[in-house]
Amino acid sequence: MQAKSLISITDFTKGEYLKIMHLAEDFEANPNQKLLQGKVIATLFFEPSTRTRLSFETAINRLGGKIIGFSDSSSSSVSKGETLHDTIRMVSNYADMIIMRHPLEGSARYAAEISNVPVINAGDGANQHPSQTLLDMYSILKTQGRLDNINLFLVGDLKYGRTVHSLIMALLQFENPIFNFIAPPELALPNEYKIHLTEKGIRYFEHAEFTDIINAADIIYMTRVQKERFIDPVEYEKVKNIYILRNEMLRNTKSTMKILHPLPRINEIHTDVDSNPKAYYFTQAKNGVFTRMAIIAHLLNLK
Ligand code: CP
């Protein structure tokens, strides 16, 4: 039987989301639980990362596990031409779990089909980033006290932003989400997601302007324009500074509203926002450690 993996956010049920939230809360209260003693986890990063890799590795260390892997595939035999197939086949003989980031959409699903140990998708191209979504949900739950009835504003690169795609799919499992998409036409949410929302009878609104419509938000989810996904650099130059959130724009937003961003940020959130109590993105990144401890514990049946 194939091991249970986390490739798409839709691989988990609503019950599993809630279990992860509960476990994350438990790990936040008590972060040093040696549940992974004697286990080896591989982190294979074929694309750059700061938060995802380091928070997974912190999670593994806090759980008492050992880490193998690479943060740059040029130091592996991939640089000699070894295929993803053979790499996964080998590493799944060494480790109890594989955490992989790869630029190709669908690569994580492919890896899970080859591997005989669980695979966690740490981002596959512009497709999905499910562990980010679970930490985003944990951040929403912690700050809003609920996952139902959330008015979510997603801003920026909704075309290539994999964290956006995963978060929309996850919140569909909860009551009455309202989605507001703020993006230029070039970076609009792919139609497949809009069709899915329409089929489910979920309300969504599209805006090209970044105005005081944000005053209705429970969460403003800012995103970086994903330079690395553009084929034509001229197209990137046209949209790279399209939306910048500044402190003065927050004056009439809800007192309970929080700003999330998966990070890294370039300039889409001005640094004058950082000291505003509504800025939550650095705490959000910290929540990644507890959430990723929870995901690992759940997939390996440690809790
Ligand atoms: N949020 C996120 O995926 O950040 P990194 O690219 O630094 O891992």
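Things to note:
- Within the stretch 188-199, one or more residues are in contact with a Lys or Arg (Cβ under 7 Å, 6 or more places away or on another chain) and more than 23 Å from residue 7 (Cβ to Cβ).
- In the stretch 9-38, the residues that are of a type in the set (Gly, Ala, Ser) and surrounded by 19 or more Cβ atoms within 10 Å (Cβ to Cβ): 24
- Single residue of 154, 147 found to be hydrophobic (A, V, I, L, M, F, W, C) and either under 19 Å from residue 229 (Cα atoms) or within 16 Å of the ligand (Cβ to nearest atom) (or both): 154
- Hits in the stretch 32-87 - residues which are of a type outside the set (Val, Ile, Thr) and within 12 Å of the ligand (Cβ to nearest atom): 45, 47, 48, 49, 51, 53, 54, 55, 56, 57, 71
- Count of residues meeting criterion [exposed (fewer than 14 other Cβ atoms within 10 Å of the Cβ) and of a type outside the set (D, E, K, R)] in the stretch 217-242: 4
- Scanning the stretch 112-126 for residues that are within 13 Å of the ligand (Cβ to nearest atom) and under 14 Å from residue 300 (Cβ atoms) yields a single hit, 120.
- Only one of 23, 35, 44, 63 that is closer than 17 Å to residue 112 by Cα and either touching a helix residue (DSSP H, G or I) at 6+ places or on another chain (Cβ under 6 Å) or touching a residue at least 24 places away in the same chain (Cβ under 8 Å) (or both): 44
- Candidates 39, 4, 34, 80: the one that is more than 23 Å from the chain's Cα centre (by Cα), modelled with pLDDT under 95 and among the basic types (Lys, Arg) is 80.
- The stretch 192-271 holds strands (runs of 3 or more DSSP E) entirely within its bounds, and those carrying 3 or more residues that are under 23 Å from residue 286 (Cα atoms) and under 21 Å from the mean Cα position of the chain (by Cα) map to 219-222, 258-260.
- Hey, residue 41 touching a Lys or Arg at 6+ places or on another chain (Cβ under 9 Å) and surrounded by 15 or more Cβ atoms within 10 Å (Cβ to Cβ) or not: yes
- Flag if residue 138 is assigned by TED's automatic domain parsing to the domain that holds residue 225, farther than 19 Å from residue 225 by Cβ and not basic (Lys, Arg): yes
- Number of the exception - residue 123 against (1) outside the structural domain of residue 258 (by TED's automatic domain parsing); (2) surrounded by fewer than 24 Cβ atoms within 10 Å (Cβ to Cβ): (2)
- Checklist (1) closer than 18 Å to residue 9 by Cβ; (2) in contact with a Phe, Trp or Tyr (Cβ under 8 Å, 6 or more places away or on another chain) applied to residue 210, failing item: (1)
- Identity of the residue in the stretch 254-272, away from the ligand (no atom under 15 Å from the Cβ) and within 30 Å of residue 20 (Cα to Cα), that ends up surrounded by the fewest Cβ atoms within 10 Å (Cβ to Cβ): 255
- Residue count for the stretch 160-180, restricted to those that are surrounded by 21 or more Cβ atoms within 10 Å (Cβ to Cβ) and not in a helix (DSSP H, G or I): 4.
- Conditions (1) farther than 22 Å from residue 8 by Cα; (2) in contact with a strand residue (DSSP E or B) (Cβ under 8 Å, 6 or more places away or on another chain): number failed by residue 167: (1)
The values are calculated or read from the model by the stated rules, or taken from the named source; none is laboratory data. Worth saying up front: this structure is predicted, and the values here are computed from it rather than measured. Here the Cβ is made from the backbone with ideal geometry for all residues, glycine too, and neighbour counts use every protein chain on show.
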